[in-house]
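Single-structure report; data block below.
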Amino acid sequence: MSRSKEHIRQTSLQYKKSLGQHFLYDDDLLARLVELAQVDGEMDVLEIGPGAGTLTKHLCEKAHHVTSLEMDERLIPLLSAYMEGFSNFSLVQGDAMQADLKELTSELRKPFSVVANIPYYITTPLITRLLTSGLALGRLSLMIQREVADKILACPGDEGWGMLAVRCQYCTVPERLLEVPASSFSPPPKVDSTFITLTMRETPAVRPVSEEDFFRVAAAAFALRRKTMTNGLCASFHLERTEAIALMNQAGLDERVRGEKLTLEELCRLSDAWTAMRQQKEAAV
């Protein structure tokens with residue numbers, strides 16, 4: 001029995017389904033995950049959801065410092081005892097969706113990495129929060145539901161192409177690292193997982209005039225799936241159809257194209273056209 005699996009067995013821990021707790025216990029796999037995350041002695045890491053600490057110990061063996069954020073109060077004394085002896089470890093109890101992440105990571109070396117075995121029910125909102133919180137991120141290495149990984153890596157026109165893919169590909173270069181079967185977890189979830197990395201871009205994939213407008217236009221593209229982008233603009237921005245068609249023409253787009261087929265570059269051109277129209281309307285008021 002691996003040391004990690006033995007540790008979980010010794011805790012007699014009752015897993016909380018409500019928190020999506022599925023822990024990894026294969027030490028070879030855990031070591032492989034840390035290797036794939038490119039953790040080294042110069043790197044500080046924010047670990048979200050350390051659970052029983054099985055991955056945490058492997059991270060501390062490689063990283064300069066690891067700060068772990070755990071929501072489940074029951075696990076705090078278990079983690080503290082399990083990680084005793086690691087001077088490069090700190091533990092904070094809190095909810096990753098509510099905690100002040102800038103304050104939490106204020107003393108970490110910049111840029112820092114995030115490593116997380118994310119509960120499936122908060123995957124999309126947590127990734128979105130990490131990417132929009134203004135953190136000095138270098139890389140996110142995440143264990144997530146395979147279906148969500150497919151969405152992050154989707155291309156325009158794919159069924160999974162949507163706001164999550166747009167935001168991730170705008171900010172980062174995503175890469176699928178490893179497929180992990182459900183049997184690797186304790187207790188096993190109902191679906192398989194994927195270990196994915198999101199490496200932050202030095203500059204966004206496209207450079208819209210207004211980033212806020214870019215994401216508003218992107219949201220409009222997916223608001224009415226299987227409808228034209230022209231219809232999406234009308235519905236989202238309360239435009240007359242002639243105005244929406246004018247925007248599409250200005251962006252060099254076919255007025256009949258569906259929003260879910262647009263690339264980042266096309267969404268950027270369209271958002272710039274919308275920004276110009278919006279500013280013109282505001283100036284006329």
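The values are calculated or read from the model by the stated rules, or taken from the named source; none is laboratory data. Here the structure is a predicted model, which means the values were calculated and not measured. All Cβ positions, even for glycine, are placed from backbone atoms using ideal geometry, and neighbour counts span all protein chains on display.
See the values below:
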| read-out | value |
| --- | --- |
| From the options Ser87, Ser141, residue that is assigned to a loop (DSSP other than H, G, I, E, B) and within 24 Å of Gly41 (Cβ to Cβ) | Ser87 |
| Verdict on Lys190 being at negative phi and assigned to a loop (DSSP other than H, G, I, E, B) | yes |
| Unmet criterion (only one of (1) modelled with pLDDT under 95; (2) among the basic types (Lys, Arg); (3) crowded, with 18+ Cβ neighbours inside 10 Å) for Lys227 | (3) |
| Subset of region 42-60 [within 19 Å of Leu126 (Cβ to Cβ) and in a helix (DSSP H, G or I)] | Leu55, Thr56, Leu59 |
| Region 101-123: number of residues that are modelled with pLDDT of 95 or more and within 15 Å of Gly51 (Cβ to Cβ) | 1 |
| Matching entry among Lys151, Lys62, Lys57, Lys102 (being touching a residue at least 24 places away in the same chain (Cβ under 8 Å) and within 24 Å of Arg201 (Cβ to Cβ)) | Lys102 |
| Some residue of region 239-259 being more than 25 Å from Cys171 (Cα to Cα), surrounded by 20 or more Cβ atoms within 10 Å (Cβ to Cβ), without any contact (Cβ under 8 Å) to a residue 40 or more places away in the chain and of a type in the set (Gly, Ala, Ser) | yes |
| Residues satisfying the stated conditions in region 61-81, i.e. surrounded by 17 or more Cβ atoms within 10 Å (Cβ to Cβ) and either part of a loop (DSSP other than H, G, I, E, B) or in contact with a helix residue (DSSP H, G or I) (Cβ under 6 Å, 6 or more places away or on another chain) (or both) | Lys62, Ala63, Val66, Ser68, Met71, Asp72, Leu78 |
| Residue check for Ala165: over 27 Å from Leu46 (Cα atoms) and part of a helix (DSSP H, G or I) | no |
